[in-house]
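To keep things clear, I will list the structure first and then write my remarks on it.
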Amino acid sequence: MTFFDHLLGGIASGSVIALMAIALVLVWRSTRVVNFAQVGQAMFTTFLALAVYRGTGNWLISLIAAILAGAILGLIVHFLVMRPVRRQDGSGAIIATFGVLIALQASASMIWGVDPQAYPPIVDIIGFEAFGRTWPFSRYDVLVLGVTVLLVLLLSVVFTRTSLGLRMRASAFNPTVARLSGVRVSQMLALGWALAGSIGAIAGVLIAPTFSVTPYSFDILLILAFTVAVIGGLDSLVGAVAFGIGTGLVLSLVSGYSDSGNASIVALVLLALNLLLKPEGVFAHHHSRSV
Amino acid sequence: MSMKIPESIRELPGAFFLRNAIIVSAVAGVFLLINTQLEPTYSFYLAQAAMYATAMFGMVILVGLSGQVSLGNGALMAVGAYTFAITSMNWQTVPILGLPWNAVWSVVTAGLVGVIAGLLIGGLGARLSGPYLAGLTLGIAVGLPSIIYRFPSFLGGEDGFALRVPFPPGGYAAQDGGEVSAADAAAEEMSNEGFEDFLAEAGGDSSEILEFDQEELATGETPLVEDEVLEFDQDELSLEQESTPDLVQDVDGESPPAEISESEDSFVDLVDESAGVIDLTGFVIEQWQASLAVVMAAIVGFIALNLIRGNQGRIWKAVRDDPVAASLVGLSPQSNKVSAFVISGFFAALAGAVMAQIFAYVGPALFGLTLSLSLLVGVILGGRSSLVGAMVGAAFIVVLPKAMETFAQQLGWEDRVADNLPNLVYGLLVVLVVLVLPAGLVGSLMVAIRRRTQR
Amino acid sequence: MRAISLTRLCGFALAPMVNSWGSEHEQKMCGKPAISTSYFFYLRELSELKRVLTKSLGLTVGISLIAAAGAGQALAADPGISKTKIVIGTTQPLTGPFAVYKAVSDGSKAYFDYVNANGGINGRQIDYVIKDDQYADIAKTVTATNELINQNKVFTLFGALGTANRLAVAETLKAQGVPDVFINSGSSVFDNVSKYPNVFPYFPSYIVEAKVMAQYIKDTSELSNLKRCLMYQEGEFGDDAARGFKAAGMEFTAQTSFTLAQVAQRNLRSQVATLGGAGCQLVVFFGVTPATALTLATAAAGRFAPKWMVTSVGSEPAVLKQTLAAAGISNPLGILNGVYTPSFLVPGTDLGNPYVKLMKGITDNAGLPWNFYTYYGVNTAYVMAQALKAAGPNPSRKSFVNALQTQSAKFRSAANVPLRITNTSHQGLLGYWMGQYDSAGTLVRKTGGILVAGNSTTSGKVIKASYRPSKPTAKLLP
């Protein structure tokens, strides 16, 4: 029984990682940049959504507010920071998004303070009862997992089946060729950032009930989501979700059956092994030029 | 005539090194001179800046010349710092040579272990491009503390090692070993005895008839077994403590009673004798720390200058700019990427050895992700392919937060705003410099000068 | 002190370092003619170089501290003391993920402001300098401490946070003779006067707490027969708790541990599943308050309902309630109901208590919330002010430390266990009373008496006692 508890707990915590990893993948797909500020943007929009929730008392309205705020914040970061920086190498862009993260966290600390704020869950977080016992998996966990899977399916359809998706992929993959083929590249890149911002915002609102809302409460997800996205192959939505949930499972089982302190070491070893065997990530679609 | 001689001198084999040595010594000399005139805290800032610069020289080679991203050089510093601490605490003699161990050997060992760590990470990362390498190095930086937690007796665990600076010939003494030494046991016994006396005093009068304070016990649900209970009364205790003859007080701050100043282990005594942190020459410990850090930075800077201006620097650049062309002329991109990691591991470990000495402490909380990111921020802001840029970047990450703190406090704004203002400005400045001066402060200045001279 | 007197015989080159960092090893070295460590030669040359430079270039020695080290040091006042002011310093997380703990220094600041408004201590105003170290970044702690000593010229440090943080600066503070008073750490390492003569903890170590918990469990019939399990935070919490329970001869059916990273990730499900799978009926918990909240919330979500006994530092009720609510628990009080926790202070909810009433008045006037952090901050500041006053009309570090070591029993506070500091033990508070939360979230005292242990050794028994504290001083002024 305990084994299934560890399993279910791992899936639930893994889907949270996967959700944030999706946003990272979207930004990477659109602009070939790893957005360290993603968790900061999600935190900021969750604070805004919380204010809306307190004002209206309507969870759905607060979610919509978060999605809009996420898109706008994504566009702001894109136009003010990333577009000018994009022509530089990776280090400059990483540092710039890192600067945005620090600035967002400092502003949030100034505006809302550091005490944890409650964002009530829309569904019950008490586990399901079945076979005469309570399982560590609730309607809330189903919601998070469901939204994660749904988003991936939806985004996959958009990217592979619609012309908009194709234009976005083309713009990111080879802007010059895309521009020559008549794609408005800058619009597509901006759209990518807005989309990623919205997904991050959804993630923020969804996980806020368990993570609570503070300027730093999503920090840990940055590291996990980034690692997961890298192993999965930064380009791959399916990879992000598969490895997000996989990582959740591994961490849960390791801390369940050995010492908790081993969990991060196992994660580190898995990261190194994966990159050693699959330097471009497991689910990478293409191989960039290598010598 | 006068034009020809320098030309021929420049072609002599040693001239290249000599010129670099003169440059480095001159720069280091200026800083050492400045150091003698600084207030202790500013010397400590200088020590830190020199320590960061030492690690950033490696980042210049890794990020600037060889074009790799690393978010994990803080972990390489940790490797150096821990090697330094552990060898100087535990090793008595140099293996094989049999010489007595001292701090220099610890520094050398730290550098060597840093080379090995750089080789490992570089080897793992050689096939990885930009973000994948960033992911690997980030994982290492974040995963490091959990490794330290895993081996508390060997690596000091969460609390780390406090070190005594400077070194006795056998190395540092551990301040916080896991084992209980004879002296500790004695001290504990002593405090145990004192406690028993104290209990005897408190319970001495009331051991036959125990009187509970009603108000106190009214709240309790579990009645206590009477004969095991002692009663303390604060008013009585303070009277007792006051009347205890050997605990004479020095309330009015005049000359202390003789028995206190003669007591062997009293803290009071220590305060008195070592109050001055300065000897007659006025050379304080912070200045010594800064000198140490500057000298290490100079040594590492000299190596870096020779590498960058020499053949290897051109090879790294060639591999970075066009790996295909480089491999066509027989330069292996992978081995040259690894060599950049090895060099940066070497430098970072030496910086870590300095860090262990200027902080007199080694622990996982020194080597968080912040450190690794600061190293990258510093090198990008200063100018990624210039050693001077690394120095400016090091000064930037040490001085800027301090300056902002002072500034924010003077504004008299609400605490919540004033406390977080330095972080906000730091974040915005990082973004701004990357946007406005993409080649970094020094790099952009050089570009501007070059343009002006070309015109 | 034998060690120090030897330094007087040492040569010129060694003097600066032995003065500032004196340790037995160096003293041994002084006696030997050959000093092999290269750095020592290097230093001598540098000192020499500086002297030459100073002479030849006619530079003035611009280091203001020199006066302090002059021959008249015995008469000169210690740093941080003037006719009108006492400067005391601290390092706290004012920003970053741990900034919630800032409330402690807010409380202390409110109390010192209150004392200042009422004439200060012997006519001196208290200048309480708070520096940000974010708690998790020890490089900041070391730098800020250096600034406090050299720039702010503090008389003493007070209430600084973090075990590793304190360890990192312990040697520096010792060498410079700066007392480190009422540190916020429950680690047992500081309960050691010979190693840390200038460090003064306030609350007892986790070892003492574990011993007290074990004693209470053994003595209480409704707990002693339950299947016991232990859940602890990796690091010092776990190490100390393990030592304490071992000393008390207490064993557990199952043990599980967690890391702070897992708390940040909001995932302690597998730990709770392990406890549930082992059929635990009483879970003893050692970890910080956010971890407690997450554990209780996770257990509630899985309908795992053993009896809980939580460490005092992990059971701040206001923060627990807030964090539980923020973790999606709709009835935080219901979850808190029945949780055991040891405590050393009068419950902050006991507004009839004269200490609580006066202290809450001070925080209310300062516009601060009333919770355990602000309460604890005011309380330690109150003890601190009494110690400063006890150091005499012209306090020196020596007389201050002496006052702490000889008059601690006099100091009044909201602690309802005795405070005992002597020249052989700096443990501070001696023990705990056991409490249990009721359905209103109020901590109800379960023991009329207290459980005390003499020190953090793995030997030494737990003794039952009672303690009647003195009444607060007039207007809560020192």
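The values are calculated or read from the model by the stated rules, or taken from the named source; none is laboratory data. Predicted model, so just to flag it, every value in this text is computed and none were measured. Cβ placement follows ideal geometry from the backbone for every residue including glycine, while neighbour counts extend to all protein chains displayed. All accessible areas refer to the heavy atoms of the entire protein, side chains included, with ligands and DNA or RNA removed. Shrake-Rupley method; radii C 1.70, N 1.55, O 1.52, S 1.80 Å.
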| request: Consider A:Val185 carefully, then state whether it is more than 14 Å from chain C (Cβ to nearest Cβ) and touching a Ser or Thr at 6+ places or on another chain (Cβ under 9 Å). | output: yes
| note | By residue number, the members of the stretch A:238-269 that are free of Cβ contacts under 8 Å to residues at least 24 places away in the same chain and touching a His at 6+ places or on another chain (Cβ under 9 Å) are A:Ser255
| request: Provide a single number: the residues in the stretch C:240-254 that are buried (at least 22 other Cβ atoms within 10 Å of the Cβ) and either modelled with pLDDT under 90 or outside the structural domain of C:Thr274 (by TED's automatic domain parsing) (or both). | output: 3
| Could you say which residue among B:Ile116, B:Ile121, B:Ile140, B:Ile86 is under 18 Å from A:Ala272 (Cα atoms) and away from chain A (no Cβ under 14 Å)? | B:Ile116
| field | Search result, residues across the stretch A:111-126 that are outside any loop (DSSP other than H, G, I, E, B) and more than 7 Å from chain C (Cβ to nearest Cβ) | value | A:Ile111, A:Trp112
| note | Across the stretch A:264-291, the tally of residues that are under 18 Å from B:Lys337 (Cβ atoms), at pLDDT below 75 and aliphatic (A, V, I, L, M) stands at 1
| Looking at this structure, is B:Ser344 open to solvent by less than 20 Å² (accessible area, probe 1.4 Å), more than 28 Å from B:Asn20 (Cβ to Cβ) and within 21 Å of the chain's Cα centre (by Cα)? | no
| Quick one: how many residues across the stretch A:36-65 are open to solvent by less than 50 Å² (accessible area, probe 1.4 Å) and outside any helix (DSSP H, G or I)? | 2
| note | Those residues of the stretch B:407-447 which are more than 10 Å from every other protein chain (Cβ to nearest Cβ), in a helix (DSSP H, G or I) and not aliphatic (A, V, I, L, M) amount to B:Phe407, B:Gln409, B:Gln410, B:Gly443, B:Ser444
| query | Checking A:Gly92 against (1) closer than 29 Å to C:Phe98 by Cβ; (2) within 14 Å of chain B (Cβ to nearest Cβ); (3) open to solvent by less than 10 Å² (accessible area, probe 1.4 Å), which test does it fail? | reply | (1)
| strands (runs of 3 or more DSSP E) lying entirely in the stretch C:123-185 (those with 1 or more residues that are in the same structural domain as C:Pro93 (by TED's automatic domain parsing) and open to solvent by 10 Å² or more (accessible area, probe 1.4 Å)) | C:125-132
| query | Inside the stretch C:368-398, can you point out the residues that are of a type in the set (Val, Ile, Thr) and closer than 17 Å to C:Asn416 by Cβ? | reply | C:Val378, C:Thr380, C:Val383
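One line per residue, one yes/no per condition, for (1) assigned by TED's automatic domain parsing to the domain that holds C:Asn416; (2) under 28 Å from C:Tyr382 (Cα atoms):
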residue: C:Ser312; (1), (2): no, yes
residue: C:Gln322; (1), (2): no, yes
residue: C:Asn331; (1), (2): no, no
residue: C:Tyr355; (1), (2): yes, yes
| note | Flagged pairs (Cβ under 6 angstrom, 6 or more apart or on separate chains; first in the stretch C:90-113, within 14 Å of chain A (Cβ to nearest Cβ) and over 13 Å from C:Ala381 (Cα atoms); second among the aliphatic types (A, V, I, L, M) and assigned to a helix (DSSP H, G or I)) are C:Pro93/C:Ala99
| request: Could you check the stretch C:378-478 for strands (runs of 3 or more DSSP E) lying wholly inside it with 3 or more residues that are facing chain B (nearest Cβ under 8 Å) and open to solvent by 10 Å² or more (accessible area, probe 1.4 Å)? | output: C:462-468
| request: Could you identify the single residue in C:Gln215, C:Gln233 that is facing chain B (nearest Cβ under 10 Å) and of a type outside the set (Asp, Glu)? | output: C:Gln233
| task | With the condition kept exactly as written, say whether any residue in the stretch A:72-80 is within 25 Å of A:Gly244 (Cα to Cα), more than 14 Å from chain B (Cβ to nearest Cβ) and either hydroxyl-bearing (Ser, Thr, Tyr) or surrounded by fewer than 19 Cβ atoms within 10 Å (Cβ to Cβ) (or both). | result | no
| note | When every residue in the stretch C:165-188 that is in contact (Cβ under 8 Å) with a residue 40 or more places away in the chain and of a type in the set (A, V, I, L, M, F, W, C) is compared, the one farthest from the other protein chains (Cβ to nearest Cβ) is C:Phe182
| said: So A:Gly261 passes all but one of these: (1) small (Gly, Ala, Ser); (2) modelled with pLDDT of 90 or more; (3) over 24 Å from A:Met43 (Cβ atoms). Which condition number does it fail? | reply: (2)
| request: Find all pairs meeting these conditions: Cβ atoms under 6 angstrom apart; at least six residues apart or on different chains; first residue within the stretch C:365-384 and under 24 Å from C:Ala403 (Cα atoms); second residue open to solvent by less than 30 Å² (accessible area, probe 1.4 Å) and polar (S, T, N, Q). | output: C:Gly377/C:Ser108; C:Asn379/C:Ser413; C:Ala381/C:Ser108; C:Tyr382/C:Ser413; C:Val383/C:Ser413
| request: Find all pairs meeting these conditions: Cβ atoms under 6 angstrom apart; at least six residues apart or on different chains; first residue within the stretch C:202-230 and in the same structural domain as C:Lys246 (by TED's automatic domain parsing); second residue among the β-branched types (Val, Ile, Thr) and at pLDDT below 90. | output: C:Lys211/C:Val462; C:Val212/C:Val462; C:Gln215/C:Val462
| field | From the options C:Ser257, C:Ser270, residue that is in a helix (DSSP H, G or I), farther than 24 Å from C:Val462 by Cα and either more than 13 Å from chain A (Cβ to nearest Cβ) or touching a Phe, Trp or Tyr at 6+ places or on another chain (Cβ under 9 Å) (or both) | value | C:Ser270
| said: What pairs come out if I take residues in the stretch A:132-151 that are closer than 29 Å to C:Leu275 by Cα and pair them with residues that are of a type in the set (Asp, Glu) and open to solvent by 40 Å² or more (accessible area, probe 1.4 Å) whose C-beta lies under 8 Å away, six or more apart or interchain? | reply: A:Trp135/A:Glu129; A:Ser138/A:Asp124; A:Arg139/A:Asp124; A:Tyr140/A:Asp124
| Residues within the stretch B:294-330 that are among the aliphatic types (A, V, I, L, M) and either farther than 24 Å from B:Thr137 by Cβ or open to solvent by 50 Å² or more (accessible area, probe 1.4 Å) (or both), tallied | 10
| message | surrounded by fewer than 19 Cβ atoms within 10 Å (Cβ to Cβ), part of a helix (DSSP H, G or I), at pLDDT 90 or above and of a type in the set (S, T, N, Q): which single residue out of A:Ser186, A:Ser156 fits that description? | response | A:Ser156
| said: Looking at (1) open to solvent by 10 Å² or more (accessible area, probe 1.4 Å); (2) within 14 Å of chain B (Cβ to nearest Cβ), which one does A:Leu195 not meet, given that it meets all the others? | reply: (2)
| task | Determine if the stretch A:263-285 includes at least one residue that is touching a helix residue (DSSP H, G or I) at 6+ places or on another chain (Cβ under 6 Å), under 15 Å from C:Ala264 (Cα atoms) and either open to solvent by less than 30 Å² (accessible area, probe 1.4 Å) or more than 9 Å from every other protein chain (Cβ to nearest Cβ) (or both). | result | yes
